[in-house]
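Pasting a structure below so you can have a look.
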Amino acid sequence: MKQASRRKFVFAAGATAGTAGLAAGLWRWYRAGHDAHAPHALPKPPVAPPTAADDAFPNALRLPGAAGLYGVVDHPRNLTLIAKPAAHEILPGKPARLLAYEAEANGRTFLNPVLRVRTGAAMRVKFWNALEETSIIHWHGLKVDSNNDGHPHYAVRGGATYDYQFTVANRAAMYWYHPHPHPLTGKQVYLGLAGLLIVEDEDDLALQKALDLRLGATDIPLVLQDRKLDANGAPVFAPSKDDRFHGHLGDQVLVNLTARPHFAAATRLYRFRILNGSNARVYRLGFRHGGKPLGYFVTGTDGGLLDKPYSVQDVFLSPGERVDALLDLRAAAAGDTLSLVSLGFDAMHLEGGKGAPHAAHGALADGAEIELLRIPVRSAVAYDRALPQSLSRIEPLATENATNRTLTLDEAKAVWRINGLTYDQKSTPIVVKRGTTELWEIRNVARSMPHPMHIHGVQFQVVARAGSPEQYRRIANAPRSLSPADLGWKDTVLVWPGETIRIAVDFTHPFMGDQVYMVHCHNLEHEDGGMMLNLKVAS
């Protein structure tokens with residue numbers, strides 16, 4: 001494709017990769033040295049001094065490295081994760097107190113390590129709770145037995161340990177791990193406890209090779225977390241009664257625990273693996289250049305690669321969900337600056353009969369437009385890799401003989417419920433049969449708010465949506481009138497007020513005996529408030 005036609009395609013929304021910006025001499029050119037690195041090598045993050053273009057986003061994005069925060073631990077067959085207080089500079093020059101998972105491997109210390117494994121790998125993890133309250137680790141999205149899932153029933157007191165031993169049965173994708181003690185999940189996640197688990201398989205390795213994707217250089221995990229920080233840069237978790245009802249919102253969004261970050265790029269393809277790790281905020285993710293929208297491709301969701309790339313300009317991402325965004329910068333020029341943004345939208349807090357965006361005192365309004373990450377293009381490089389048009393194979397679940405089940409989401413007396421129930425650790429109101437497929441119809445009442453619904457221990461497929469708001473229908477350009485972010489295998493799905501979603505859930509697994517998992521809203525304040533039910537897969 002000629003450069004001019006490529007520019008027209010990539011900047012199809014009307015943005016042009018103009019040469020406006022600072023003179024090239026002001027930029028420190030970024031050279032990744034891709035050919036010098038082995039497939040699992042971890043180059044140092046590019047660090048450039050702030051320039052006029054970076055004044056508003058002066059901090060280099062923290063990237064997976066060889067140690068420290070988000071350091072990569074490859075093939076962790078025996079690992080100890082310690083939940084403990086830690087000091088970390090969220091704001092430069094201000095070591096702040098937060099919580100983190102600490103690990104040691106190969107003589108190095110890691111905080112919230114990125115664990116990278118292959119499908120089929122055996123994992124042994126010892127969790128050591130060095131907090132002054134109960135905790136447990138949930139492996140979000142993994143298909144494991146209930147002893148290894150991190151159910152609140154298994155939460156251990158401060159000073160105690162819990163042993164995990166399981167085989168990674170999932171497809172390649174970016175999963176994550178976080179606390180799940182009831183009702184302390186929101187607090188512990190907000191204060192810093194969350195890490196990534198990257199699973200690789202042959203399909204994903206083929207894509208990495210085809211596009212020259214290197215973790216930490218051109219394959220970039222992004223953890224989005226809105227937070228309120230004190231003067232020292234420490235997260236402050238003090239939700240009001242209103243916050244506990246709507247969800248705890250922050251006054252700024254951190255990306256990889258970096259405030260106002262920038263990421264230096266070159267004229268090539270990048271994969272951004274994006275996790276919404278916020279307690280409650282929904283994002284409408286898009287890229288911008290020169291104030292105009294910039295198209296990109298969705299290549300994966302919660303459970304890994306899609307069948308093919310899907311061209312989009314924006315997608316919604318709710319707490320707990322992940323999306324892989326492939327951004328083509330070959331039509332850009334050195335000196336251009338782009339941004340990853342959350343575009344404005346109607347947050348649909350309709351529980352009071354109004355659609356005004358909810359904003360706690362001093363917080364960014366839910367649905368507000370937010371610039372998340374600034375992307376200065378520092379250098380022009382030769383890059384001729386073609387995006388594969390076939391990524392993976394996803395077999396639709398057979399639902400002809402599926403059992404139908406309905407879950408209704410509502411609230412009464414300021415308490416959010418599922419089927420009129422709130423959490424009771426001893427009760428299992430949902431019982432399914434091992435080896436069966438069920439069609440779940442999740443209905444969110446009209447006087448409600450968006451609920452990201454998560455199921456433990458299984459993956460599912462979104463079959464259909466009905467009653468969706470116009471802002472969702474506008475981007476539903478994928479098969480079956482779904483958004484590309486709904487496709488493939490999922491473990492979390494956003495249900496808007498007045499909407500009904502049908503999902504197909506396969507309860508086939510190899511584990512012996514009854515397995516008790518959970519279904520809950522991943523708005524963590526809703527979850528902690530009881531919008532959560534036990535789910536038994538009966539043998």
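Every number in this text was worked out from the coordinates using simple rules, so none of it is lab data. Keep in mind the model is a prediction, meaning the values are calculated, not measured. Backbone-built Cβ (ideal geometry, glycine too); neighbour counts: all protein chains shown.
When the chain is fully extended, how far beyond the present Cα-Cα distance does ARG473 get from ASN419, taking 0.36 nm per residue of separation?
Working it through step by step, the gained length comes to 16.8 nm.
Counting helices only, and only those DSSP H runs with n ≥ 4, report the 222 nm mean residue ellipticity of the chain as the sum of -39,500 (n - 2.57) divided by its residues, in deg cm²/dmol to the nearest 500.
Taking each H run of at least 4 residues, the total per residue is -1500 deg cm²/dmol.
Here is a follow-up. Restricting the calculation to Cα positions, tell me the Rg (one decimal) and the Dmax (whole number) of region 53-199 in Å.
Reported Rg and Dmax, both Å: 15.4, 50.
Here's a follow-up. Using only the C-alpha atoms of region 92-170, find the volume of their convex hull and express it per residue in Å³. Before the final figure, lay out the partial values.
Details: hull volume 10.3 nm³, N = 79.
Enclosed volume per residue, from the Cα hull, is 130 Å³.
What is the fewest-to-most order of THR80, THR403 by other Cβ atoms lying within 10 Å of their Cβ?
If I rank by nearby Cβ atoms, fewest first, I get THR403, THR80.
Now for a different question. Want the number for THR408 to THR167: 0.36 nm per residue separation, take away the alpha-carbon distance, what's left?
Result for the pair: 83.4 nm of gain on full extension.
Further question on the same structure: Relative contact order of the chain: what whole-number percent is it, with Cα pairs under 8 angstrom and at least 6 residues apart? Could you put the intermediate results ahead of the total?
Numbers: 1478 pairs, mean separation 81.6, N = 539.
15 percent.
Next up: Quick one: of the DSSP bridges fully inside the chain, what percent are antiparallel, nearest 5?
Just about 75 percent of them are antiparallel.
Between region 199-215 and region 437-474, what is the separation of their alpha carbon centroids in Å?
One Cα centre to the other: 31 Å.
How do PHE237, PHE460 line up, fewest other C-beta atoms within 10 Å first?
Exposure proxy ranking, most exposed first: PHE237, PHE460.
Please give, to one decimal in nm, the separation of the simple spin-label points placed at ASN106 and ALA398, each 7 Å out from Cα toward the Cβ.
The answer from the label model is 4.5 nm.
Now for a separate question. Extension gain ASP307-ARG447, at 0.36 nm per residue separation less the Cα-Cα distance, in nm?
Computed gain between ASP307 and ARG447 is 46.8 nm.
Exceeding 30 Å between C-alpha atoms, which entries from my cross-link table qualify? They are LYS143/LYS426; LYS94/LYS292; LYS209/LYS433; LYS84/LYS228. Spell out each step's value before the answer.
Details: LYS143/LYS426 23 Å; LYS94/LYS292 35 Å; LYS209/LYS433 41 Å; LYS84/LYS228 20 Å.
Distance filter (> 30 Å) returns LYS94/LYS292; LYS209/LYS433.
Also, quick follow-up: Reported to two decimal places, what Rg/Rh ratio describes region 290-390 when computed on Cα atoms with Rh from the Kirkwood expression? Provide the component values of the computation, followed by the final result.
Numbers: Rg = 17.1 Å, Rh = 16.3 Å.
My calculation puts Rg/Rh at 1.05.
Write down the radius of gyration of the chain and its Dmax, each obtained from C-alpha positions, in Å.
Values for the chain (Cα only, Rg and Dmax): 22.0, 67 Å.
Then there is this: Packing-wise, with mean Cβ within 10 Å as the measure, how do 227-235, 321-329, 274-282 rank, highest first?
Result, highest mean Cβ count within 10 Å first: 274-282, 321-329, 227-235.
Quantify how much of the Cα-Cα distance distribution of region 403-538 extends past 18 Å, in percent.
Values: 4898 of 9180 pairs.
Cα-Cα pairs in region 403-538 separated by more than 18 Å: 53 percent.
Loop-only trypsin sites (Lys or Arg not before Pro) in region 369-414, please: DSSP not H, G, I, E or B, and at most 11 other Cβ atoms within 10 Å.
Of the trypsin sites (Lys or Arg not before Pro), the ones in loops of region 369-414 whose Cβ has at most 11 other Cβ atoms within 10 Å are ARG393, LYS413.
Let me ask something else. Can you pull a Stokes-Einstein diffusion coefficient for region 119-206 at 37 °C (0.692 mPa s), Rh from Kirkwood over Cα pairs, as a whole number of µm²/s?
Using the Kirkwood radius from Cα pairs, D works out to 241 µm²/s.
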